[in-house]
1. Among Val166, Val222, which is among the β-branched types (Val, Ile, Thr) and open to solvent by 50 Å² or more (accessible area, probe 1.4 Å)?
2. Kindly evaluate Leu85 against the criterion of being assigned to a loop (DSSP other than H, G, I, E, B) and open to solvent by 20 Å² or more (accessible area, probe 1.4 Å).
3. What number of residues within region 9-35 satisfy the criterion of being surrounded by fewer than 14 Cβ atoms within 10 Å (Cβ to Cβ) and either free of Cβ contacts under 8 Å to residues at least 12 places away in the same chain or closer than 21 Å to Gly71 by Cα (or both)?
4. I want to confirm something. Restricting to region 139-163 and keeping residues that are closer than 28 Å to Gly124 by Cβ and among the polar types (S, T, N, Q), which single residue is most open to solvent (accessible area, probe 1.4 Å)?
5. Starting from region 74-97, keep only residues that are under 23 Å from Lys126 (Cβ atoms), then list their pairs with residues that are surrounded by 14 or more Cβ atoms within 10 Å (Cβ to Cβ) and among the aromatic types (Phe, Trp, Tyr) whose Cβ atoms are within a distance under 8 Å, requiring at least 6 positions of separation or different chains.
6. Cβ-Cβ below 8 Å, separation at least six or inter-chain, first residue in region 160-183 and under 30 Å from Gly73 (Cα atoms) and among the hydrophobic types (A, V, I, L, M, F, W, C), second part of a strand (DSSP E or B) and open to solvent by 50 Å² or more (accessible area, probe 1.4 Å): which pairs?
7. Show the residue pairs meeting these rules: Cβ distance below 6 Å; 6+ apart or different chains; first residue within region 36-55 and closer than 15 Å to Phe257 by Cβ; second residue open to solvent by 80 Å² or more (accessible area, probe 1.4 Å) and part of a strand (DSSP E or B).
8. Would you say Leu186 is surrounded by fewer than 20 Cβ atoms within 10 Å (Cβ to Cβ), modelled with pLDDT of 95 or more and over 18 Å from the mean Cα position of the chain (by Cα)?
Amino acid sequence: MFTSDSYRLGNVVITRITEQLFSMPLAKLLPDAAGVRFPAGMNAQTPIEMSVHSWLIDSPQGRILIDTATGNGKNRPFSPLFHQLSSPWMENLKQTGIQPDDIDYVLHTHLHTDHVGWNTLWDGEKWRPAFSNATWVCSQSELNFVSSPAAAARKMVFDDSILPIVESGRLVTVPDSPTEFLPGILFYPTPGHSVGHMSIAVETEEGTAIFCGDLMHTPLQVSHNTLSSVFCKDSLQANQSRKWFLNFAAERQATVFTSHFSASSVGHVTATEEGFVWKFER
């Protein structure tokens, strides 16, 4: 079903599946922004509106989810924003006409709490895979990190949203190099926000769609691309990945599907003499 949150590129339809909206003061989201000149009317306390959502791809390669938001009923004591949610994400997915059993692949940009939660559902006894016919895909280095002692502070995320997929035998990984996982669907390493962060491109007869994951949380990071968010593990590496991504998107004239921008969450990047410029699709 084509909805107001759907976009068509050739024979591919991409639809946003929204979980929730939230905001954060600019200075908290972008801690290195002190002294940066932003558009008139913005200051350190300006709330930056953001979204948590997934992307559903209906394509010849199959029905694909890019990330799975936060999930319901997950114990997240480290963040009230994500703790014990009761969101309409699953209902929003079903309203597209796609049922959980119709999903063929779940492709992860990375494995943070707001990108993996709907991987599993509570069946009364344990967390089980939510998409019974799906294959999950992520980077091997990302999986290595989240299953290591270094990620112990977020072990509950691994235990309830990733480990059940591993134990089901339906998780496969890609290396830290550009990889064509399916014809026309490619993983590009963009580390920094997380150890094994990936951007995912879908090539169509009418151009490229690319999913940036958490390389950017706000369009401010397009025009000020050396600003990483407070959530980035390695800011310098994230800055390098963001610059690569913006060049890629501009050169390919790609349609960019973001993980956290508000409004339509979709747009285009243009390279100018003054730097990169973001324009929303709608």
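1. Val166
2. Here the answer is yes, as Leu85 does meet what is asked.
3. Residues that pass the stated criteria total 4.
4. Ser147
5. Listed pairs, sorted by first residue: Lys74/Phe82; Arg76/Phe82; Trp89/Trp118; Met90/Trp118.
6. Val174/Phe181
7. Hits for this filter: Ser51/Leu21.
8. Working: surrounded by fewer than 20 Cβ atoms within 10 Å (Cβ to Cβ): yes; modelled with pLDDT of 95 or more: yes; over 18 Å from the mean Cα position of the chain (by Cα): no.
No: the conditions fail for Leu186.
The values are calculated or read from the model by the stated rules, or taken from the named source; none is laboratory data. Quick caveat: nothing in here was measured; it's all calculated off a predicted structure. When we count neighbours, we look across all protein chains shown, and the Cβ atoms used for this are built from the backbone with ideal geometry, even at glycine. Surface areas here come from the heavy atoms of the whole protein model, side chains and all, with no ligands, DNA or RNA. Shrake-Rupley method; radii C 1.70, N 1.55, O 1.52, S 1.80 Å.
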